[in-house]
Amino acid sequence: MAGSLLGSDFTSIQERIKQYQSFKKQQYKLKNKVNKTSDFNVLQQPKALMSFGLTADRNTVPFTLFDYLSLADFSSRIIQPNKRGAVSSEIPKILTVLNIEIDSWINTIQHFRRQYANFAGSKSSLMKCAHSHNHSWYKGCA
């Protein structure tokens, strides 16, 4: 168990947060340069992770980094209610956008390991992931 999303070692969310922090530092340095340049930086997510994008974009996670962080923080507070900070009564926007009922989401995260192991997703995406890692299947495919 980690005390925070950033403190969750060896996770994709930690990688994404560190990448974002690095991006913000670069932007701050560029903004405060005496000799202003026309450098334009775009936030890049870690190369080993799927990028965020629009629902229509193939091979992307169909929401923003901020929606992802909000949902992860909300979910962690549901699972660990004694975690510092109050659980917001406001449902994360991404659940509404993806038409996921809050009770269904809470049940999924509280009982995640019953259905999945290291990866989650549709049967076809789990099979594709398993084969890319030289496995025949992953829990949740059957």
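The values are calculated or read from the model by the stated rules, or taken from the named source; none is laboratory data. Please read all numbers here as calculations on a predicted model, not as lab measurements. So basically every Cβ, Gly included, is an ideal-geometry build from the backbone, and we count neighbours across all protein chains shown.
Summed over region 46-72, residues that are within 17 Å of L98 (Cβ to Cβ) and modelled with pLDDT of 80 or more total 16. Among the candidates L5, L43, the residue that is hydrophobic (A, V, I, L, M, F, W, C), in contact with a helix residue (DSSP H, G or I) (Cβ under 8 Å, 6 or more places away or on another chain) and at pLDDT 80 or above is uniquely L5. Suppose the filter is closer than 21 Å to I109 by Cα and either modelled with pLDDT of 85 or more or surrounded by fewer than 12 Cβ atoms within 10 Å (Cβ to Cβ) (or both); does R84 pass it? Yes; evaluated as a whole, the condition is true for this residue.
Quick check, is K139 loosely packed, with under 15 Cβ neighbours inside 10 Å, basic (K, R) and modelled with pLDDT under 85? Don't jump to the end; show me each part of the working.
On the way: loosely packed, with under 15 Cβ neighbours inside 10 Å: no; basic (K, R): yes; modelled with pLDDT under 85: yes.
No, not satisfied.
The residues on offer are F119, F112, and the sole one that is touching a Cys at 6+ places or on another chain (Cβ under 9 Å), modelled with pLDDT under 75 and farther than 25 Å from K25 by Cβ is F119.
When R77 is tested against (1) at pLDDT below 80; (2) exposed (fewer than 14 other Cβ atoms within 10 Å of the Cβ); (3) under 20 Å from the mean Cα position of the chain (by Cα); (4) of a type in the set (K, R), exactly one condition is not met: (2).
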